[in-house]
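What follows draws every value from the coordinates through simple rules; no lab data is involved. A quick note: this is a predicted structure, and the numbers were derived from the prediction, not measured. Every residue, glycine among them, receives a Cβ derived from its backbone with ideal geometry; neighbour counts consider all protein chains shown.
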Ligand SMILES: NC(=O)c1ccc[n+]([C@@H]2O[C@H](COP(=O)([O-])OP(=O)(O)OC[C@H]3O[C@@H](n4cnc5c(N)ncnc54)[C@H](O)[C@@H]3O)[C@@H](O)[C@H]2O)c1
C-alpha cells in the first residue's frame, strides 16, 4: 500500500485535511472507516462506479453500512430535484445526523452530494472522493456547493466545508482527454494569475495528448493547493483576492453559454484567458512577453483562440452583459468588469477590487479575432 501525502487546507476559520496518493484505495477505506458515522451515503458518478468503485466498496462493506446512490453526471442533472431525491433515498434507508455523505466523482457529483450533505439535518459530515482533475484540483478546494437553476449555472447553493478530501490519483487516469485538458487549463490559470513560481513544475507536464500518469499528477496537487491557499487564506468566500481564481472566466462563461457542449469549461476558460491577456496588453500594462507566455502554456495543451472560431462573437458579446461579476463593482454602461493581469502573477486592481472596468469596444475587438484566427487545434 502506498503511503498517502497530506495537506491541511485552511480558508479563514475553515480547515480540512486533503489526503492524496497513488494506488491507495485501502488507506482511503481505512480513513473513511475511522470516521464516527452510523452509515455512509455514497453518492457516485455512474461511470466512476463502473471503473473504480468495487475495491473501495468491498473494503467499506466489510465493516460498515453503505448506501450507494449512482448518478449520471451532467449539467442537466445538477439540479435541486436530484439533490432532493438523493436526500429522500438516504432518509428512507435510515440516514441519521451521524451519517456521512461520500461524494465520489467529478465536480457535478461533488456539488450535488455536497449540497445534500449541507441540507441533511442542517449538515452532516461530507467526504469528497474526487475523480476528475477539475474536482481534485479545483472544486474540492473551494467550499462552494451549488446546483443549476432553470435560468443559469450554480444559482442555488451554499458554502459547506468537507470533513476531509481523499483521492487516489490513479482514479484520474481513466479520464477522457477533453476532461484532462479542462483541468490542466485551470492549473495554467493558477500559474498565470496567482502562482508564477510554480511555472517550472507545471510546464513540463503540459503536452498535446494531455495524458499524465498518476505519479505525474502528484506535484500538480501541490500547485493547486498552494495557489488556492494564497488567495483564499483570508477570503474563504472568494469575493476579494479569491476573485483571481475567476481569471479567464468572464469571456469563458459566455463562450460556454453561446455554444453549449462545444468547449469544456477549462477549454473555454483557456480561450477567455487569451482574450483577457490580449486586452491587458493592448489597453493596459501586460507585456508582449507575458502575452506570449499565455499563448505558449495554453498552446501546449492545444488551446488557441481558433478552437472557438465557430462561435458567433455577437452572441458572446450579448451574453457578457449578464456576467455575474457586475455585482462587485459598478461599471459604466459601456464597460465590462474583468480580471486582468498587469504582469504574470499580478492581478490589476481598480478601487481596491481585483476587477477592471474594460471598455466594451476593447472586448468587441478581441472577440472579432475569433473569426480571423488562422491557427488550428493540434489535438
Ligand atoms: N465548487 C466549485 O468551486 C467548483 C469549481 C470547479 C467546478 N465546479 C463544478 O464542477 C462541474 C464540473 O466538474 P467536472 O469537470 O469534474 O465534470 P463532471 O463531474 O461532469 O465530470 C466530467 C465527466 O467525466 C466523467 N468522469 C468522472 N470521473 C471519471 C474518471 N475517473 N474516469 C472517467 N470518466 C470520469 C463523468 O462521468 C463526466 O462525464 C461543473 O458543474 C462546475 O460548476 C465547481
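Where Rh is the Kirkwood radius over the Cα pairs of region 213-293, the temperature 4 °C and the viscosity 1.567 mPa s, what D in µm²/s does Stokes-Einstein return?
Numbers: Rh = 14.5 Å.
D = 90 µm²/s.
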Run the quick spin-label model on residue 122 and residue 240: label points 7 Å from Cα toward the beta carbon, then report their separation in nm to one decimal.
2.9
Tilt relative to the chain, helix 288-300 - C-alpha long axis, 0 to 90 degrees, to 10
40
In 10 Å bins starting at 0, how do the alpha-carbon pair distances of region 6-128 split up by percent?
13, 45, 36, 6
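Which value at 222 nm does the chain reach when only helices count, each DSSP H run of 4 or more adding -39,500 (n - 2.57), with the total divided by all residues and rounded to the nearest 500 deg cm²/dmol? Present the calculation step by step, with values, prior to reporting the outcome.
Working: 13 runs with 153 residues, N = 379.
Result for the chain, helices only: -12500 deg cm²/dmol.
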Please find, in a Gaussian network model of the chain (springs between Cα atoms separated by less than 10 Å), the residue of 201, 301, 165 whose mean-square fluctuation is greatest.
201
Fewest-first ranking of 78, 125, using other Cβ atoms within 10 Å as the exposure measure:
125, 78
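Based on the alpha-carbon gyration tensor of the chain, what equivalent-ellipsoid semi-axes (square roots of 5 times the eigenvalues) come out, in whole Å, largest first? Spell out each step's value before the answer.
Values: eigenvalues 256, 94, 72 Å².
Working from the Cα gyration tensor, I get semi-axes of 36, 22, 19 Å.
Would region 264-326 count as rounded, prolate or oblate if I go by the C-alpha gyration tensor, calling it rounded below 1.5 in a/c and otherwise prolate when a/b exceeds b/c, oblate otherwise? Intermediate results must be reported in sequence, preceding the final value.
Working: a/c = 2.01, a/b = 1.24, b/c = 1.61.
It is oblate, given that a/c is not under 1.5 and a/b is not larger than b/c.
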Pairing the Cα long axis of helix 54-63 with the longest principal axis of the chain, what angle in degrees results, from 0 to 90 and rounded to the nearest 10?
40
Rounded to the nearest 10, the angle in degrees between the Cα long axis of helix 265-283 and the longest principal axis of the Cα atoms of the chain comes to 30
Sequence gap at least 6, Cα distance under 8 Å: using those rules, report the relative contact order of the chain to the nearest whole percent.
14
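To check you understand DSSP bridge types, tell me what percent of the beta bridges within the chain (both residues inside) are antiparallel, rounded to 5.
Of the beta bridges lying entirely in the chain, close to 45 percent run antiparallel.
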